Amino acid sequence: MKKLFLLALIFLTACESLPTYTPEPDYPVVKTNPTIYDAKTSDPVGLGDPFYPMLGNPGYDVNHYDIALTVDPTSNTISGMTTIEAVALEDLSQFNLDMSGLEVDSVSVDGVDADFSRSQMELTISPRSPITAKQAFTVAVTYHGSPEPVMDDSIHMPLGWQKMTGGLFVFSEPSGAMNWFPCNNHWSDKATYAFRISVPDDFEVVANGRRENISASEVPGYSTQVWVMDDPMSTYLATIVIGQYESESQQSTAGVDIHNFYPLGTPDNVKDDFARTPEMIDFFGVLIAPYPFDNYGAVLANEELGFAFEAQTRSLFGKQGADEEVVAHELAHQWFGDNLTVATWHDLWLKEGFASYLSWLWLEHSQGSAAFEQHIQDVYDVLVMSQYGVFFQPVGAVRPAGLFDLYGSTTYYRGALTLHALRLEVGDEKFFEILRTFYANYSGDGKTAKTDDFITLAQEVSGKDLTELFDLWLNTDWMPPKP
Ligand code: TRP
Ligand code: ZN
């Protein structure tokens, strides 16, 4: 039986099974063609990311988003205002925000009405009087409409705000955030958030961070539910779920508060999947650094999902729950991916390979070293098989060209094995010092990390020349020998 299962796994991975493909929804979607790769020259506005040149905007830095929306979950319509506090990095006679779909009613800059125009995903704003470099300014955008998922051409999955049974959820990585609030939609511009979401009284809102007050809305029969995220967060991590929910609280021995949110009627065996989160959070807390945010917890969409997602402080799972490895993986992202931000998706393995390896370290801790060694062997075997598949490529060559190129087993598993190879080369003591120092030096606001930063640091800490090891693991066409 086990053999059959492994064979099936190898077959699936040879065809690159990860992640599960989600079909386009049967309502309109927005294509992001101009945002990717080969369209570099189509529109100069963007931060020039190698994979997503049009995402984000130059000229300013956002500090805070205040997103105030009234939502009718049944018709999936929203209306409201997003207020953005930003600082100009240069003199600005106009600037852009990213916004996909929806109708803009008005825009103001520092309280004064501003002209605006829209083209594809760019909302161009011309303030009455130009903003000067280093000046702090506030932009308020009033808008309404029915959010349409962004179809990211590198991923072919609906992203952003989308419908689920009995409600709505948000899953934005990497480009979807702009379908529900105007933003500087690149992970490198992190900001704090307040979500003020008004929904019919019998709906609950779950979001990142800390729940504040619930009060009556101006709309009869609606209540306004407020959540705040006071630690800097990338736009793709901003997540809300609206539906009928029950919550469960846990606390780790080290004192981290955990709040899980389950669709009403979630069976106990699904809730059990999250029973060991407190132990995991303390395990990573000792291994890497104390948990970086105010609280943590899972939220389950009221829908089976073919993926899980590391929304900051509130990881998102499908209603079917998740196994220990996936639960640990999303938690590990809170350190690597959320608090430490990857500079460009070319270096996606710096979060996916790291979260995968950290989840295996949890397995080593919880199930013992024999189980861990077996896991490494199984994953290695799968990768060796997969190199005969059409999608196989070195970690350093992932591109956003096809369904699985970016988020495939290369990024996740070969990335994780790269860390395992490093660990065996430098020894446990240096290895964990490298992980801790990398995290300490590159996490938090205003910083991002690249592969070269990690290699340089690994060499500094270990005192070894590791160019060959990283070249072998990240750049060669074929799988290196098993580490
Ligand atoms: N980052 C998520 C995880 O590994 C998965 C994910 C986010 C994803 N966006 C995606 C997978 C797009 C495939 C395609 O936990
Ligand atoms: Zn991940």
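Taken together, the values in this text are just the output of simple stated rules run on the coordinates, not laboratory data. Since the model is a prediction, treat every value here as computed from it, not as a measurement. Cβ placement follows ideal geometry from the backbone for every residue including glycine, while neighbour counts extend to all protein chains displayed.
Remarks
- Computed FRET value (nearest 0.05) for L89 with E212, which takes r as the C-beta separation and R₀ as 35 Å: 0.65
- Under Stokes-Einstein, with the Kirkwood radius over Cα pairs as Rh, the value for segment 246-366 at 4 °C and 1.567 mPa s is 90 µm²/s.
- Just so you know, the averaged projected area of the alpha carbon convex hull for segment 49-172 sits at 8.1 nm².
- Coil-residue chymotrypsin sites (Phe, Trp or Tyr not before Pro) of segment 148-191, DSSP, other Cβ within 10 Å capped at 11: none
- Length gained when the stretch K464-A370 is fully extended (0.36 nm per residue, less Cα-Cα span): 31.0 nm
- Taking only the Cα atoms of segment 345-475, the ratio Rg/Rh comes out at 0.96, with Rh defined as the Kirkwood radius.
- Placing pseudo-labels 7 Å out from each Cα toward the beta carbon at V219 and A397 gives an inter-label distance of 5.1 nm.
- Cut-off under 5 Å, modelled amide H: who pairs with D49 long-range: L55
- Computed FRET value (nearest 0.05) for S106 with T74, which takes r as the C-beta separation and R₀ as 30 Å: 0.70
- With a simple spin-label model that places each label point 7 Å from the Cα along the Cα-to-Cβ direction, the separation between S129 and D323 comes to 6.3 nm.
- Whole-number D in µm²/s for the chain (Stokes-Einstein; Kirkwood sum over Cα pairs; 25 °C, 0.890 mPa s): 106 µm²/s
- Separation of segment 326-341 and segment 167-219, taken as the distance between their Cα centroids, equals 20 angstrom.
- Charge dipole (Cα centre; +1 on Lys/Arg Cβ, -1 on Asp/Glu Cβ; no other charges) of segment 31-243 amounts to roughly 140 debye.
- Short-range pairs are left out: with C-alpha atoms under 8 Å and at least six residues apart, the relative contact order of the chain is 14 percent.
- Part-to-part distance (alpha-carbon centres) for segment 356-394 and segment 247-279, which is given in Å: 27 Å
- Exposed-loop-free span, longest in the chain, where trypsin sites (Lys or Arg not before Pro) count as exposed if DSSP calls them loop and at most 13 other C-beta atoms lie within 10 Å: 135-483
- Centroid-to-centroid separation of segment 297-317 and segment 409-462 [C-alpha atoms, Å]: 26 Å
- For Y380, net neighbour charge (Lys/Arg +1, Asp/Glu -1) across residues whose Cβ lies under 11 Å away: -1
- ³J(HN,Hα), Karplus 6.51/-1.76/1.60, whole Hz, each residue of segment 447-464, x for Gly, Pro: 10, 9, 10, 10, 3, 4, 4, 5, 4, 4, 5, 4, 5, 4, 5, 7, x, 10
- Note: relative contact order over segment 216-269, using C-alpha pairs below 8 Å and six or more positions apart, is 22 percent.
- Within segment 413-483, the chymotrypsin sites (Phe, Trp or Tyr not before Pro) that combine a DSSP coil assignment with at most 13 other C-beta atoms in a 10 angstrom radius are W478.
- E429-D230 FRET efficiency (beta carbon distance; Förster radius 30 Å; 0.05 resolution): 0.30
- Computed about the Cα centre, the dipole magnitude for segment 410-483 is approximately 240 debye when only Lys and Arg (+1) and Asp and Glu (-1) carry charge, each at its Cβ.
- Spin-label model, D381/D257: points 7 Å from Cα along the beta carbon direction are separated by 4.6 nm.
- Derived scalar couplings between HN and Hα for segment 194-210 equal 10, 10, 10, 10, 9, 9, x, 3, 8, 10, 10, 10, 10, 9, 5, x, 10 Hz in order, rounded to whole Hz, by the Karplus curve 6.51 cos²θ - 1.76 cosθ + 1.60 (θ = phi - 60°), x for Gly and Pro.
- Lys, Arg +1 and Asp, Glu -1 on Cβ, resulting dipole of the chain about Cα centre, debye, nearest 20: 420 debye
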